[in-house]
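The values are calculated or read from the model by the stated rules, or taken from the named source; none is laboratory data. In this text, all values refer to a predicted model and were calculated from it rather than measured experimentally. A quick note on method: Cβ atoms are made from the backbone with ideal geometry, for glycine too, and the neighbour counts reach across all protein chains shown.
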Amino acid sequence: MRKLIAIWAGKLLTVAGKLVGKKSSASPGAFALKICPDLVSDINKIVKKKVIVTCGTNGKTTTNNLVCSALEAKGYKVLCNRLGANMLSGIATTYIQSADIFGRVRADYACLEIDEAYTPIVFKQVKPDIMIITNLFRDQLDRYGEIDITVNIIKKAIAQAGDVKLVLNADDPLCVQFGREPGVKAVYYGISEQVLPQVDDTKEGRFCPICGAEQRFNFYHYSQLGDFYCPECGYKRPDPEYDIRNVSLKTPIRFTINGHQMEVNYKGFYNIYNLAAVYAALDVASESTDDFAKLLEGYKPQIGRMQEFNINGKPVILSLSKNPAGFNQAISTVNTDDRKKDVIIAINDLANDGRDVSWLWDVDFHKIKDENLNSLATTGIRVYDISLRFKYADIKVDLMTDSMKEAVLRAVNTNSEAVYVLVNYTALYPTESVLKELERGSV
């Protein structure tokens, strides 16, 4: 009865939240957990096939939702926290919203994105069959601390999970180490050829996680991702079971996985990793991948994942970039677009962003200087911090403003061909609202 009351209360809060324009992705679950703390503990019993969880610094929302979309395209019913509310409260909200009035939840699969720091908490109630780990980068230092703290949290969660199959990024030395844990079963995916120019990049996991020596690379893709090896202890990139080659970054992206040709209408090199993780997870779940590209045709990216709007006849692309690795990849994507473009960058420092913005100095902002850059605007709570960062990168800021609407209106009325808007977390939803309003208003 307590569980049923918790579900009803959560449903009422969801309806109330939507009436006032909130997404209600976590708060109904947080309230329901106060009534019934073990609300989601029967997920493993409910799910007929497998529970698939995804964690990692970047790409987990996209990867999780792609797995869900592929499974739904096969006709399965999937329990999935699509909006990216990835703590226990978000999973509880998903459970509540999927339940009928009698508290019953039916699902063939569960696809759950989980915040890395919350994996041990979630795994007390939910045991994954498959666990995808996308990558590990420095993120929100005032919340997570350095990467080794996150690594230890994930190792603890893996030990709790029991009989779980890991799907790991073979190109990330920080991820590969999880496959060395006692009793662990792991498969790897990776990009086995040099794709990007070998220019200076900010390498976060530059030291071997086994012996501490500085790692070397036969080639690398970005940050610490690449064909790594340790000259001291022999730790190195494993041969991936899911081998990506023949990469073309023109839209649509083309590549092969184990020799099978893929073509998908996405932007960004990093999306190849997301797609490879999905392919591997489906295969590990014993689901056919013969029609992989077709399975993803109906997928719609979540907010801020290179989300495109049309304002005043001009494409405006919104990208969530919340840490150095994410920003560097967003900048790379901007630079591979040959169109003349305006760029807007918004930085906030609210609790969900992390109060410490010193990470801005770890971003390779100097690379945004591009012959096709028409103008650069900065905004957000920390508009002066990001503007100062550009001053030291020797890049002119054409507009500093506290109004995203002003920045967008200015950009869509220039002679450029496209606008890119790069924002961190709490700037994302307000920016989306501005872009939707302007798209409807045809300025």
task: Output the residues belonging to region 229-271 that are within 12 Å of S192 (Cα to Cα) and under 23 Å from the mean Cα position of the chain (by Cα).
output: R237, P240, E241, Y242, D243, I244, R245, V247, F255, T256, I257
- request: Among the residues of region 365-387, write down those that are within 20 Å of G326 (Cα to Cα) and at pLDDT 95 or above.
  value: L376, A377, T378, T379, G380, I381, R382, V383, D385, I386, S387
- line: Pairs returned, first residue in region 317-334 that is farther than 13 Å from I347 by Cβ, second residue that is in a helix (DSSP H, G or I), beta-carbon separation under 7 angstrom, 6 or more apart or interchain, are L318/T431; L318/E432; L318/L435; S319/A330; Q329/Y270; I331/K367; I331/I368; V334/I368
- prompt: Which of the helices (runs of 4 or more DSSP H) contained wholly in region 1-73 include at least 2 residues that are surrounded by fewer than 17 Cβ atoms within 10 Å (Cβ to Cβ) and either free of Cβ contacts under 8 Å to residues at least 24 places away in the same chain or in contact with a strand residue (DSSP E or B) (Cβ under 9 Å, 6 or more places away or on another chain) (or both)?
  reply: 2-19, 43-46
statement: Within region 214-234, the residues that are crowded, with 19+ Cβ neighbours inside 10 Å and either in a loop (DSSP other than H, G, I, E, B) or assigned by TED's automatic domain parsing to the domain that holds A330 (or both) are Q215, S223, Q224, C230
- prompt: Within the group V167, V176, which residue is part of a helix (DSSP H, G or I), touching a residue at least 24 places away in the same chain (Cβ under 8 Å) and within 29 Å of Y118 (Cβ to Cβ)?
  reply: V176
Unique match (being over 25 Å from L275 (Cα atoms), touching a helix residue (DSSP H, G or I) at 6+ places or on another chain (Cβ under 6 Å) and either outside the structural domain of A157 (by TED's automatic domain parsing) or among the aliphatic types (A, V, I, L, M) (or both)) among A26, A110, A70: A26
task: May I ask you to list the residues in region 330-377 that are among the charged types (D, E, K, R) and under 19 Å from V408 (Cβ atoms)?
output: D337, R339, K340, K341, D342
